[in-house]
Amino acid sequence: MSLERRAAMAALVANRGDLLVVPGLGSTTWDLAAAGDDPRNFYLWGAMGGAAMIGLGLALAQPDKRVAVVTGDGEMLMGLGSLATIGVKRPGNLAVIVFDNGVYGETGMQPSHTQGGVDLMAVASACGFVDACDVRDDVGLEDLAGRLKTFTEPLFARVRIVADDPPRVLPLRDGVELKNRFRAALGVEA
Amino acid sequence: MSASVEWPDRLYATLKRAGVRQVAYVPDAGHSRLIERCRADNDIHDVALTTEEEGVALAAGAWLGGDRAALLMQSSGLGNCINMLSLARTCRFPMLMFITMRGEWEEFNPWQVPMGSIVDPVLKLCEAEVYRASNTDEVEGAAERAVQHAFGDERIAAVLLSQQLIGKKVWTK
């Protein structure tokens with residue numbers, strides 16, 4: 001069974017509290033925008049392969065807040081080494097969530113390596129994410145949304161989503177403004 | 001202490017004065033002493049990377065959260081960063097880079113030359129401000145200017161630490 005991506009993102013951020021969210025280039029950025037704008041979203045219109053590491057830098061800088069990177073399988077595959085880097089650094093406030101549909105939605109639904117047999121759960125476990133969960137249904141999704149409020153070890157989740165391509169919902173794309181409003185929302189020095 | 005081992009300590013002092021809290025690196029012989037100093041410092045998160053471009057993304061995330069970061073790499077590592085530096089240019093993230101040079105002076109390994117020889121123009125194409133230190137006395141001044149440019153202007157600044165400064169790699173024992 002697979003989940004609908006927009007509903008999955010909406011469920012994860014519905015009662016987000018202090019959660020800081022970094023989506024990946026492409027569909028997860030549109031999913032997060034569709035769930036409702038927030039200055040504590042740092043939408044990525046580029047930087048493919050970098051979402052998880054942006055999350056790590058942010059998590060280390062803000063140890064009292066939880067950070068969720070929510071990205072796609074293609075974006076994660078481009079930054080696979082970052083799972084090893086995060087696994088070694090072990091930030092207790094960083095969750096890496098991969099919406100896995102086995103295709104590159106942004107470029108025309110070409111198959112990704114996860115469809116070809118690469119298991120991102122196994123990769124994350126091998127990299128030291130002790131807390132790794134495989135989300136396939138609404139019960140699992142609710143469980144993950146709850147854990148985003150309480151986790152204290154690096155968390156990895158694979159969310160199996162339908163390979164569809166819902167209409168794009170485009171957020172702000174001025175990078176400087178995205179950066180400045182994010183920092184202002186956190187109250188960090190200008 | 002000889003001049004050849006003093007410059008990493010001067011760089012470390014500059015990073016501390018600048019309030020740098022995250023230091024990312026791929027292990028590098030030229031940076032080994034500075035990396036050791038950072039690893040021993042409880043106020044600095046040292047982050048070992050699998051590839052240098054991870055460090056660019058890390059530094060962006062650090063700045064989003066209010067931390068200053070520095071990236072330590074070898075000249076070859078710059079090549080791994082190019083596309084990710086678009087993140088810094090688009091969003092104007094501070095990017096403070098210390099690059100140990102290979103392939104430019106008494107280099108034994110010709111495979112280091114292609115990337116080493118284009119570090120300066122590539123950085124300039126990426127809109128980075130480039131500073132060079134060829135001897136110990138130039139290190140601190142170059143580093144201070146890079147710190148100001150990176151964090152004051154939210155731009156990319158790179159200090160090239162020349163192979164003459166670092167010393168020749170010994171290939172036979």
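Side notes on the structure shown:
- Residue count for region A:66-96 under the criterion of being in a helix (DSSP H, G or I) and of a type in the set (Val, Ile, Thr): the result is 3.
- Scanning region A:6-39 for residues that are within 18 Å of B:Ala57 (Cβ to Cβ) and either surrounded by fewer than 19 Cβ atoms within 10 Å (Cβ to Cβ) or of a type outside the set (Ser, Thr, Tyr) (or both) yields A:Leu20, A:Val21, A:Val22, A:Pro23, A:Gly24, A:Leu25, A:Gly26, A:Leu32.
- Answer residue from region A:126-177, given it is part of a loop (DSSP other than H, G, I, E, B) and of a type in the set (Phe, Trp, Tyr) and is surrounded by the fewest Cβ atoms within 10 Å (Cβ to Cβ) among those: A:Phe151
- Lone unmet requirement of (1) more than 9 Å from chain B (Cβ to nearest Cβ); (2) outside any helix (DSSP H, G or I) for A:Val22: (1)
- Restricting region A:43-60 to residues that are facing chain B (nearest Cβ under 7 Å) and surrounded by fewer than 24 Cβ atoms within 10 Å (Cβ to Cβ), the residue that is farthest from the chain's Cα centre (by Cα): A:Leu60
- Just one of the numbered conditions (1) closer than 26 Å to B:Pro27 by Cα; (2) without any contact (Cβ under 8 Å) to a residue 12 or more places away in the chain; (3) more than 11 Å from chain B (Cβ to nearest Cβ) is not true of A:Ala7: (1).
- Screening region B:1-119 for helices (runs of 4 or more DSSP H) wholly inside it with 2 or more residues that are at pLDDT 95 or above and either within 14 Å of another protein chain (Cβ to nearest Cβ) or on the phi > 0 side of the Ramachandran plot (or both) returns the ranges B:32-39, B:52-64, B:75-81, B:85-91.
- Residue check for A:Val98: closer than 17 Å to A:Gly26 by Cα, without any contact (Cβ under 8 Å) to a residue 60 or more places away in the chain and crowded, with 24+ Cβ neighbours inside 10 Å: no
- Hits in region A:107-124 - residues which are assigned to a helix (DSSP H, G or I) and crowded, with 18+ Cβ neighbours inside 10 Å: A:Leu120, A:Val123, A:Ala124
- For beta carbons closer than 9 Å, sequence separation of 6+ or different chains, a first residue in region A:42-68 that is polar (S, T, N, Q) and a second that is assigned to a loop (DSSP other than H, G, I, E, B), the qualifying pairs are A:Gln62/A:Asn93; A:Gln62/A:Val188; A:Gln62/B:Gly65; A:Gln62/B:Gly66; A:Gln62/B:Asp67.
- Only one of the numbered conditions (1) within 11 Å of another protein chain (Cβ to nearest Cβ); (2) among the β-branched types (Val, Ile, Thr); (3) surrounded by 19 or more Cβ atoms within 10 Å (Cβ to Cβ) is not met by A:Thr71, and that is (1).
The values are calculated or read from the model by the stated rules, or taken from the named source; none is laboratory data. What you see is a predicted model; the values in this text were computed from it and never measured. Here the Cβ is made from the backbone with ideal geometry for all residues, glycine too, and neighbour counts use every protein chain on show.
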